[in-house]
Amino acid sequence: MNRGAEIKKAGCFFCHNNCGLLVHVKNGRVVKTEGNKEHPISRGFICPRGKNAPQWLYHSDQLYYPLKRVGERGEGKWQKISYDQALDEIAEKLGQLKERYGAETLLVSEGTYRSGEFWARSRFLNLFGNPQNVIDPGTICVLNVYSLNLAMVGACNFTANIPRAKCVVLWGVNPKESMLTRWRIYSTRIRRKEMRIIAVDPRAGGAASYADINLRLRPGTDTALALGWINVIIKEGLYDTEFVETWTYGFQEVAERVKEYTPEVVAKITGLGRDEIIKSARMYATSRPACIERGVATDHIGLNSSSVEQARTILRAITGNIDVPGGNPITYPPLEIGGKRFIQDSELELTHKCPVEQRKKQIGSDRFRLMAWPGWELTAPYYEQHRGLPHPALHRLLVSAPLAFRQIISGEPYPIKAMISWASNPLIWAPNTKLVQRALMHPNLELSVVLEYWMTPSAQLADYVLPAASWLERPLCSSYEDFFNIVWTGERSVPPLGERHEDYQFFRELGIRLGQEEHWPWKDLEEVIKYRIGPLDISYEEFVDRGALLPDKRMGFQKYKSTGFATPTGKVELYSTILEKLGYDPLPYYEEPPESPIRTPDVFKDYPLILATGGRFMPMFHSEHRQLGIGLREKHPDPLLSIHPDTAQRLGINDGDWVYIETRRGRIKQRAHISRDIRPDVVNAEASWWFPEKSGALPSLSGAMESNTNLLTLDDPEMCDPITGAWCNRALLCKVYKVNR
Ligand SMILES: Nc1nc2c(c(=O)[nH]1)N[C@H]1C(S)=C(S)[C@@H](COP(=O)(O)OP(=O)(O)OC[C@H]3O[C@@H](n4cnc5c(=O)[nH]c(N)nc54)[C@H](O)[C@@H]3O)O[C@H]1N2
Ligand SMILES: Nc1nc2c(c(=O)[nH]1)N[C@H]1C(S)=C(S)[C@@H](COP(=O)(O)OP(=O)(O)OC[C@H]3O[C@@H](n4cnc5c(=O)[nH]c(N)nc54)[C@H](O)[C@@H]3O)O[C@H]1N2
Ligand code: SF4
Ligand SMILES: [Mo]
């Protein structure tokens, strides 16, 4: 054992589970990690990523010092400079650009939930006068769903109460690979035969292999299925009349809308059998309580993506499964302990500081209006009245990435001259990699700053790369973007290595240099935490030690009975008056995917397979953990394309062959993984691949153009979801052929 080791109770941030880990520190070095059995949520769980944290932290490729570009962008020539010099130069340039082009000229790119400090980015931008020109995968990852939930239900309503559900619908989600701590609950309950599972997934593997009914629909046809279920439930009188009458708005309009979506019509659209549609609708509606566990798949289908969540919300409501144990709870802050309140993210953002006239300058706010200021302004009064808190900007306000990259290149309607990218690797996460590369290298972009752990392909194209302190080097305090009334906590294990700084400190120090000094009183996260727990009777040491702060009564259900729902009508708006005010159809409707055998038959002739990109797999988390020697890549060295044996045989492809996957937009290669789990007309390509072991300079960019599925995805703004701006990573058309060596 590690004699003499100190043990720190950290919160792991290698993924969204934030497991509590015990970090063994010897002579100032992290030597070992293990699960913390006392953690109130993760209860001792640890996965291979968490276990390999020491190899990760001390890997020779990690960035410990700021770098300034000396050659051309992408040439790979860097000079080591001090953190202060980097900040001075960045602040000076940013100040000049603001003066010349206005505060809206800055764009921020960020990654999906990598820390609890999004409020600091918001605060910086509000004080700077920027209308939250922020791109983030949230547009296609749950934040779109959250915004729809706020509009229709008045709170977050997408979490599923698995421990008490009698039936769970796994809707385009594979928690076996993507939500490991949750999967533990699933597997216990599945083993005990305590719940039924309906999987809505074109694949049969992973979690879907445990399903009682697996609806292997044609990709992208999810709205049709959901509307078909509503049709059956209403026609057969399987809905909760009392909840519908008392707590919903627009039931008659819904009943009218779904008339056309008969099981026969839906069977034709989805490729499912009429009887399995009826049977599954009955199973969901009659096994109360039942919940829907949503996944990211339906956020990735472009045009019709909002309609899926609208229809799912209707399903949850009419079956009486909203906010009941075993259903889909509604959750919202603040965290209250003993009548005292933790200071939430939204209270730290200073949204009122951004001049109101700047709001209309947010990129695309006149086009994709729900996740922009027009939508925010409509939901804010209800949120604020019900919670007694400012309405979060955080990720309620996002710019659809395809618009932002186009604007960098065109300079229209106004120039984007500066970009700060933190916890984000847009060459890998954003759609249309070629366009992203053009934008990142464009002379219009006069300042490009990246905050990272590694020299990623996106960092290779920056002017400054600043090293960030990881979860092992900073304390954890996350309200999970204010979705819930829980706060995740953890202790700092070691001081930041080299010249690494907390992302919080970057925004603070940049802000101070730009005249925001009075608004940044806390020098680091520890001071921030002390401020935020000020009203509670708890010390800093106790806070970081606990792993999570839970409210007095963790899950109080049906509070709406006394407060109503935080919507304009005070009810669940099946017919959304907010979407109507924004100029959208207030009800869901089905639309063919942008590329499909039916919408684009000519394309289908040349690209006869349906392509899904994504499909989470262990041990990787997005584009991370690809570095050799941290014990993870070795377990999954190559990108895999899942293909049905019959399709593979027809194409002369054997298991393990390198194959090209080509869409109208480009081609990449991956290794064939032959699997009966996939439909014969569908292939699934793993997302987020790059190869850190390959040369970082152009043209290679660490292999970012070789196997990265975003060379294939569809980002035409006309094909994005009109409400949120979500683009298409799934339900695309492709062809596959062998790489001849
Ligand atoms: N190991 C690991 N875990 C992760 C992540 C990671 O990178 N690695 N990422 C995290 C993040 S940010 C996210 S968003 C989550 C996502 O986690 P999940 O929601 O589980 O996402 P995926 O596994 O990409 O896709 C889920 C399922 O959607 C199916 N699918 C594909 N197309 C369609 C379709 O058109 N309709 C339907 N109904 N299903 C379809 C796929 O077959 C797949 O089984 O995972 C989180 N957890
Ligand atoms: N084709 C296709 N594209 C997809 C998807 C798909 O399924 N298919 N999935 C989409 C989804 S749902 C998501 S969420 C996105 C994921 O996209 P992102 O969340 O942007 O994930 P990464 O590309 O891994 O980039 C994260 C980067 O942040 C760095 N990092 C991690 N933590 C920190 C930190 O605390 N501070 C700083 N400064 N840096 C940090 C990591 O080293 C890494 O390089 O990808 C999206 N893109
Ligand atoms: S990476 Fe593993 S140990 Fe860390 S939070 Fe995620 S599941 Fe838990
Ligand atoms: Mo995501």
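Here are the numbers:
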quantity: Under 19 Å from the Cα of Lys561 - aspartates and glutamates, other chains or at least 8 residues apart; calculated: Asp240, Glu242, Glu245, Asp323, Glu384, Glu573
quantity: Cα convex hull volume per residue for the range 200-248 (Å³); calculated: 110 Å³
quantity: The range 242-305 and the range 617-644: distance between their alpha carbon centers, rounded to Å; calculated: 36 Å
quantity: Rounded accessible area of Trp429 (nearest 10 Å², 1.4 Å probe); calculated: 40 Å²
quantity: Inter-probe distance in nm under a simple model that places probes 7 Å from Cα toward Cβ, at Gln385 and Ala204; calculated: 5.2 nm
quantity: Low-density loop cleavage sites - trypsin sites (Lys or Arg not before Pro) in the range 573-680, where at most 13 other Cβ are within 10 Å (DSSP); calculated: Arg676
quantity: For His16, solvent-accessible area (1.4 Å; no DNA, RNA or ligand), Å²; calculated: 50 Å²
quantity: Largest-first principal axis extents of the Cα set of the range 257-325 (Å); calculated: 35, 28, 22
quantity: J(HN,Hα) series, the range 539-549, from Karplus relation 6.51 cos²θ - 1.76 cosθ + 1.60, nearest Hz, glycine and proline x; calculated: 7, 4, 4, 5, 4, 6, 6, 6, x, 6, 9
quantity: Descending semi-axes in whole angstrom, ellipsoid equivalent of the chain, from the Cα gyration tensor; calculated: 37, 31, 27
quantity: Around Thr105: net Lys/Arg minus Asp/Glu count, Cβ-Cβ under 11 Å; calculated: +1
quantity: Extension gain, Asp275 back to Asp212 (0.36 nm per residue minus Cα-Cα distance, nm); calculated: 21.2 nm
quantity: Per residue, in Å², the accessible surface of the range 512-660 once ligands and nucleic acids are set aside, probe 1.4 Å; calculated: 44 Å²
quantity: J(HN,Hα) series, the range 593-600, from Karplus relation 6.51 cos²θ - 1.76 cosθ + 1.60, nearest Hz, glycine and proline x; calculated: x, x, 10, 6, x, 8, 6, 10
quantity: Volume of the Cα convex hull of the range 387-451, divided per residue and given in Å³; calculated: 115 Å³
quantity: Equivalent ellipsoid, the range 152-284 (semi-axes from 5 times Cα gyration tensor eigenvalues, Å); calculated: 26, 19, 13
quantity: Radius 13 Å from Cβ of Asp88, net charge of other residues (Lys, Arg +1; Asp, Glu -1); calculated: -1
quantity: Calculated [θ] (222 nm, deg cm²/dmol) that DSSP helices of n ≥ 4 give over the chain, each run adding -39,500 (n - 2.57); calculated: -8000 deg cm²/dmol
quantity: Residue-normalised accessible area of the range 213-305, expressed per residue, 1.4 Å probe, Å²; calculated: 36 Å²
quantity: Cα pair distances of the range 1-145 binned at 5 Å [whole percent]; calculated: 2, 8, 11, 13, 15, 15, 14, 11, 8, 4, 1, 0, 0
quantity: Dimensionless Rg over Rh [the range 560-652; C-alpha; Kirkwood]; calculated: 1.20
quantity: Aspartates and glutamates with Cα under 13 Å of Lys268, excluding same-chain neighbours fewer than 8 positions away; calculated: Asp222, Glu260, Glu276, Glu592
quantity: Computed FRET value (nearest 0.05) for Met618 with Ile185, which takes r as the C-beta separation and R₀ as 22 Å; calculated: 0.80
quantity: Sequence-distant residues sharing a close amide H with Lys32 (under 5 Å, placed H); calculated: His24
quantity: DSSP-assigned coil residues among trypsin sites (Lys or Arg not before Pro) in the range 1-81, each with at most 13 further Cβ atoms within 10 Å; calculated: Arg3, Lys37, Lys77
quantity: Full-extension gain in nm, Ser82 to Asn27, via 0.36 nm per residue minus C-alpha separation; calculated: 17.2 nm
quantity: Charge sum, other residues only, whose C-beta stays under 11 Å from Thr262's C-beta, Lys/Arg counted +1 and Asp/Glu -1; calculated: +2
quantity: Karplus 3J(HN,Hα) series, Hz, for the range 195-200 with 6.51 cos²θ - 1.76 cosθ + 1.60 (x for Gly, Pro); calculated: 8, 9, 10, 10, 9, 10
quantity: Gained length - Glu75 relative to Lys37, 0.36 nm times residue gap less alpha-carbon distance; calculated: 8.9 nm
quantity: C-alpha center-to-center spacing [the range 536-606, the range 432-506] in angstrom; calculated: 27 Å
quantity: For the range 473-526, alpha-carbon Rg and Dmax in angstrom; calculated: 13.1, 36
quantity: Placed amide H near Ser448: partners under 5 Å, 5+ positions off or other chain; calculated: Met419, Asp463, Tyr464
quantity: Tail weight of P(r) past 19 Å, computed on alpha-carbon pairs of the range 616-731, percent; calculated: 54 percent
quantity: Val603 accessible area, 1.4 Å probe, all protein chains in place, Å² to nearest 10; calculated: 20 Å²
quantity: Relative contact order of the chain, pairs being alpha-carbon contacts under 8 Å that are 6 or more residues apart, as %; calculated: 20 percent
quantity: Cα→Cβ-extended label distance, 7 Å offset, between Ala255 and Ser60, nm; calculated: 7.2 nm
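The values are calculated or read from the model by the stated rules, or taken from the named source; none is laboratory data. Please read these numbers as outputs of a predicted model, since none were measured by experiment. As a convention, Cβ positions derive from the backbone with ideal geometry for all residues, glycine included, and neighbour counts pool all protein chains shown. Areas reflect the complete protein model, heavy atoms only, side chains present, ligands, DNA and RNA absent. Shrake-Rupley method; radii C 1.70, N 1.55, O 1.52, S 1.80 Å.
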